[in-house]
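Encoded as structure tokens, the structure appears first; notes follow it.
What follows draws every value from the coordinates through simple rules; no lab data is involved. Computed from a prediction, not measured in an experiment: that's the story for all the values here. All Cβ positions, even for glycine, are placed from backbone atoms using ideal geometry, and neighbour counts span all protein chains on display.
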Amino acid sequence: SQELEQSPQSLIVQEGKNLTINCTSSKTLYGLYWYKQKYGEGLIFLMMLQKGGEEKSHEKITAKLDEKKQQSSLHITASQPSHAGIYLCGAAPGSQGNLIFGKGTKLSVKP
Amino acid sequence: DAGVIQSPRHEVTEMGQEVTLRCKPISGHNSLFWYRQTMMRGLELLIYFNNNVPIDDSGMPEDRFSAKMPNASFSTLKIQPSEPRDSAVYFCASSPRPGLQFFGPGTRLTVL
């Protein structure tokens, strides 16, 4: 079965600093989804990557998909306290629409 | 739209009791997912439905767990009898298309 490994598990950065979170799949990626979770809340969809080399940005968050490496990265520029939370990557193991998720990366941003 | 609605938000019960978690998906979404989240195991898919039909329940831990979706606007996850190791946050999510899921706020279950 497919597994997603995220690194690092947790990250503490100073406000204003850049950071990168990685997600590596044990199998070929046909699509990669990034979600964010705040403590005590459900996951919120951030963005979806479907093609090798694809890059998407939303505000100060940029995600890239490297199909050959079976990997995706999430980059935050000039981090702010509002970026704090748990970032999870998800992938579809088949065509039915269900997702498997990595265990998440907990991000803390110090003001 | 109010988003995915889950109830209760918190549930504390004693071992052996029956627990029923409820979910109202977003109107028009044809897929519904039940997840369980713990520190140790992360987010695990328990079961999902397409057009009210269970597609894959291989994630359901054991026979103590059951899920139903009697219509497009309601689903339940039942645990009977509950055990302390079932303590977790249970999420329901609905989806209009593959990969894009909208999560409810979750139900925090504590089994004493």
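Listed by chain and number, the aspartates and glutamates whose C-alpha is less than 12 Å from the C-alpha of residue A:51, apart from same-chain residues fewer than 8 away, are A:66, A:67. When its C-alpha radius of gyration is set against 2.2 N^0.38 Å (N residues), the protein assembly as shown gives a value of 1.02. Using C-alpha pairs below 8 Å separated by at least 6 residues, the relative contact order for chain B is 37 percent. With a threshold of 21 Å on the Cα-Cα distance, the over-threshold entries among A:17/A:64; A:27/A:106; A:69/A:103; A:36/A:106; A:27/A:69; B:24/B:68 are A:27/A:106.
Considering only A:28, B:21, A:9, and ranking their Cα positions along the charge dipole of the protein assembly as shown that arises from unit charges at the beta-carbon of Lys, Arg, Asp and Glu, the one farthest toward the positive end is A:9. You can think of it this way: the chain between residue B:20 and residue B:2 has 4.3 nm of extra reach, that is 0.36 nm per residue less the Cα-Cα gap.
With the convex hull of the Cα atoms taken as the outline of chain B, the averaged projected area works out to 6.4 nm².
Summary value for chain A: 37 percent relative contact order, contacts being C-alpha pairs under 8 angstrom separated by 6+ residues.
Considering only B:88, B:73, B:61, and ranking their Cα positions along the charge dipole of the stretch B:56-99 that arises from unit charges at the beta-carbon of Lys, Arg, Asp and Glu, the one farthest toward the positive end is B:73. DSSP bridge analysis restricted to the protein assembly as shown gives an antiparallel fraction near 90%, rounded to the nearest 5. Which one, B:59, B:42, B:99, has the greatest fluctuation when you compute a Gaussian network model over chain B with C-alpha springs under 10 angstrom? With Cα springs under 10 Å in chain B, the top fluctuation among B:59, B:42, B:99 is at B:99.
Inter-label distance, residue A:60 to residue B:108: 2.9 nm, where each label sits 7 Å from its Cα along the C-beta direction. Between rounded, prolate and oblate, where does chain A land on the alpha carbon gyration tensor, with a ≥ b ≥ c its root eigenvalues, rounded for a/c under 1.5, else prolate if a/b exceeds b/c? Since a/c reaches 1.5 and a/b is larger than b/c, the shape of chain A is classed as prolate.
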